[in-house]
Structures are given as C-alpha cells and as structure tokens.
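Asks: Got a structure for you, questions after.
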Amino acid sequence: MAQDLRERFKQERKVKMYRMKKGHENRFVSKLEAELPCEKKSNYLWLKIAACITVVAGLVLYNYDDSFTNTPQVTTVIDLNRADVKEEISLGDLSPDLKKVEHYYIANINMTLSKLEVSKDNKELVDSFMNQLADLNMEYERLNSELNQIGPNDQTITALIENLQYRLQLLKQLKKKLNELNSSKNEQNITNSI
C-alpha cells in the first residue's frame, strides 16, 4: 500500500509526455509584443539634461548662503524706548574690572531669579521680596543717572556696586526662605501622612 511518491511521478512522466506544439513560443512572443509595444526613445535627451541642470542651479541659488563670502553680517538693534535718550555710560563702561563686577552680579541676579519657584503658597513672600528688589532697581537707575550727570566718582561707583550686592543678597535670602518654607511643608506632609 505504501508507495514511494517519487517512483510514482517518474512512472507518470514516462506515460505522459507533455510537449509544446511547434511555434508556440514564437506565437506567444508576437502576441506579447502586440499587447505591450516597445516605447520609442525620444529625441529630447538634451531637453531633459537642461531641465535637470536648471533645477539643480535653482536649488543652489535658493539655498545660497552668504557664508561663502567673508563679509560679516551686521545686525543693528534699536531700542525704541530709548531712541530719544542720548548715550549714557554705565558702571561697566568705566573700566574692564568694573564691567566684570557688574556682569558678575547681574548674571547671578538673573540666574537666581530664573531658579525661583513661585507657587500659590509662597506668592505673597515672593511679591514682598520683588517689591524690595524693584526699589533697589529704581535706586540703581537713579545712581546710574547721577553717574551720567555728575561723572564718575568713588561714592557713586561704590553705591552702584553695593546696590548690586544688596540685590543679590536679597534674592539669596528669598531663596533661603523658600527652601525653609518647602522643607517645613514637606515635614508637615510627612507627619500628616504618618
């Protein structure tokens, strides 16, 4: 009952010999060519090349950057609020050392201000410190105008530097108070959860 399938296929092939009729392949190719005609090559190869060159040139010109030239671009910023005010000197304009001091304090003040986390719970505390900071800022502006009117002197320069120091100290005190408030709030939450 069990027969090897390979043997059975060999026997069947011997009995039936399948062959194609003569000319079958030629008829198939002719029908295929009739249904799918060959495309004619166009004589517009030079037009295609010109179109490609035009597209590439357009992209290059569109993306052309002035970095190929060595001329730097000059950007002018105009402060519309101070357009009518004559040029004033500040603490940093007096000497390079004073400029470093002014930049140091202003950078620290700005960095401390950016790190402050204000929430509903500490808003009143932050507002009171910001009012004091605004008063110190107005005093700094007044000292700066005095510097421009009278000219640089030791008292004005010292007052300007002390003003910057007071502002930074005030912000550090605010940051310390906020940390204390947050830590006491965290301790209170821990005791409430226990």
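The values are calculated or read from the model by the stated rules, or taken from the named source; none is laboratory data. Being a predicted model, the structure only gives us computed values, none of them experimental. Positions of Cβ are generated from backbone atoms using ideal geometry, with glycine treated the same way; all protein chains shown enter the neighbour counts. For accessibility, only protein heavy atoms count, side chains too; no ligands or nucleic acids. Shrake-Rupley method; radii C 1.70, N 1.55, O 1.52, S 1.80 Å.
Asks: If you take the residues of region 135-160 that are small (Gly, Ala, Ser) and modelled with pLDDT of 85 or more, which of them is nearest to Ile89 (Cα to Cα)?
Replies: Going through region 135-160, the residues small (Gly, Ala, Ser) turn out to be 145, 151, 159.
Filter once more, keeping what is modelled with pLDDT of 85 or more: 145, 159.
On the way: Ser145: 9, Ala159: 16 Å.
So the residue we want is Ser145.
Asks: In region 18-32, is there at least one residue being aromatic (Phe, Trp, Tyr) and at pLDDT below 80?
Replies: Step one: of region 18-32, the residues aromatic (Phe, Trp, Tyr) are 18, 28.
Now narrow it down to the ones that are at pLDDT below 80: 18.
For region 18-32, residues aromatic (Phe, Trp, Tyr) and at pLDDT below 80: present.
Asks: Sticking with this one: Return the residues of region 135-160 that are over 18 Å from Leu98 (Cβ atoms) and open to solvent by less than 50 Å² (accessible area, probe 1.4 Å); say none if nothing qualifies.
Replies: Answer for region 135-160, where residues must be over 18 Å from Leu98 (Cβ atoms) and open to solvent by less than 50 Å² (accessible area, probe 1.4 Å): just Leu136.
Asks: With respect to Val60, determine if the residue is assigned to a loop (DSSP other than H, G, I, E, B), out of contact with any helix residue (DSSP H, G or I) (no Cβ under 7 Å at 6 or more places or on another chain) and either exposed (fewer than 10 other Cβ atoms within 10 Å of the Cβ) or modelled with pLDDT under 75 (or both). Outline the logic, then answer.
Replies: Numbers: assigned to a loop (DSSP other than H, G, I, E, B): no; out of contact with any helix residue (DSSP H, G or I) (no Cβ under 7 Å at 6 or more places or on another chain): yes; either exposed (fewer than 10 other Cβ atoms within 10 Å of the Cβ) or modelled with pLDDT under 75 (or both): yes.
For Val60, the condition - assigned to a loop (DSSP other than H, G, I, E, B), out of contact with any helix residue (DSSP H, G or I) (no Cβ under 7 Å at 6 or more places or on another chain) and either exposed (fewer than 10 other Cβ atoms within 10 Å of the Cβ) or modelled with pLDDT under 75 (or both) - is not met.
Asks: Here is a follow-up. Could you grab the pairs with beta carbons closer than 6 Å, sequence gap of 6+ or different chains, first residue in region 169-194 and more than 30 Å from Tyr104 (Cα to Cα), second one surrounded by fewer than 13 Cβ atoms within 10 Å (Cβ to Cβ) and at pLDDT 80 or above?
Replies: Hits for this filter: zero, empty list.
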